[in-house]
1. Using Cα centres only, tell me the gap between the stretch 24-79 and the stretch 170-190 in whole Å.
2. If you take the square roots of the eigenvalues of the alpha-carbon gyration tensor of the stretch 116-259 and sort them as a ≥ b ≥ c, do you get rounded (a/c under 1.5), prolate (a/b over b/c) or oblate?
3. For the stretch 25-107, build the convex hull from the C-alpha positions and give me its volume per residue in Å³.
4. Given the whole protein assembly as supplied and a 1.4 Å probe, what does the accessible area of His135 come to in Å², nearest 10?
5. For the stretch 92-243, what % of the accessible area comes from carbon and sulfur atoms, probe 1.4 Å?
6. Non-local amide H neighbours of Leu238 (under 5 Å, H modeled in plane, Pro and chain starts lacking H): which ones?
7. Per-residue counts of other Cβ atoms within 10 Å, averaged by peptide: what ranking do you get for 105-112, 76-83, highest first?
8. Hull surface divided by four, with the convex hull built on the Cα atoms of the stretch 77-131: how many nm²?
Amino acid sequence: MGPVSLLPKYQKLSTWKGDSAKMTHLQAGLSPETIEKARLELNENPDVLHQDIQQVRDMIITRPDIGFLRTDDAFILRFLRARKFHQTDAFRLLAQYFQYRQLNLDMFKNFKADDPGIKRALIDGFPGVLENRDHYGRKILLLFAANWDQSRNSFTDILRAILLSLEVLIEDPELQINGFILIIDWSNFSFKQASKLTPSILKLAIEGLQIFLHGNNLNSLHQLIHPEFLPSEFGGTLPPYDMGTWARTLLGPDYSDENDYTHTSYNAMHVKHTSSNLERECSPKPMKRSQSVVEAGTLKHEEKGENENTQPLLALD
């Protein structure tokens, strides 16, 4: 899957006639640059914004099988931005969003940061979210796949923590326009761990994330994200990522440092259960990193001996 996670986007502020008081709150706080970007890239026209939203809302009657639990202007606008203001496509995505939740009710029970499973995943760095945005204004999410301790975190709880994080982030209109980029580091990811990624689990993840991530082009990581916006694990100039960064943001006073696992100590836990060869591979050393071309739901493992110094990296668009 490709890098560049351009999500919903935003449009130009203009003087509204008639509906202006109702709609201007949707543009509040956006920078002029972001507004212009939305106009150019998302086809968002302020003069027909209300009509666009209403057209999507009017389609709800065509899907009586789905409970649309939220239909306010700001919420529907997310989906229009995600589909460049193609109303039919936006409605299809909106329907998929609620249908997914309807079909996976257990996933969304106690869907809060203080849920024990979600909290544990967040504290363990699933996902990581960098504090600063990149040069395109996107938020960067990180997943260190090898840090997955299957005795601590179920894949479902990790997915729930990712989805909750994205739900929190997407509330920011700037991010609705500029988007996200998710980088998954597969370095030292074991086949034992991969065996837990069954087709049904991967399908669950892909269907849940499609609201936020789309696209299929793959390029060099540093062409997508400049090194000054990346931690050292990805060849960037920033310090190593602190796994507790995003957890502290979401959990606030509920965050406990004594439960925190730094990247180093957490990797050490994982290494205990691996072979001596893998232990040597995990030891600190300079790494070349590359993106592995991965279609939805598949992992690419390099043949033994092929590019042994290259650690696969997946960036989702």
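The values are calculated or read from the model by the stated rules, or taken from the named source; none is laboratory data. As the structure is a computational prediction, the values presented were derived from the model and not from experiment. Neighbour counts run over all protein chains shown; Cβ positions are idealised from the backbone, glycine included. Heavy atoms of the whole protein, side chains included, go into the accessibility calculation; ligands, DNA and RNA do not. Shrake-Rupley method; radii C 1.70, N 1.55, O 1.52, S 1.80 Å.
1. Spelled out, the Cα-based centre of one part sits 22 Å from the other.
2. Working: a/c = 1.30, a/b = 1.18, b/c = 1.11.
Here the stretch 116-259 falls in the rounded category.
3. On the way: hull volume 8.5 nm³, N = 83.
Here the figure is 102 Å³ per residue.
4. 70
5. Values: 3380 of 6030 Å².
Percent of accessible area from carbon and sulfur atoms in the stretch 92-243: 56.
6. Distant-sequence amide H within range of Leu238: Leu230, Ser232.
7. So the order, starting with the most tightly packed, is 76-83, 105-112.
8. Over all viewing directions, the stretch 77-131 projects a mean Cα-hull area of 5.3 nm².
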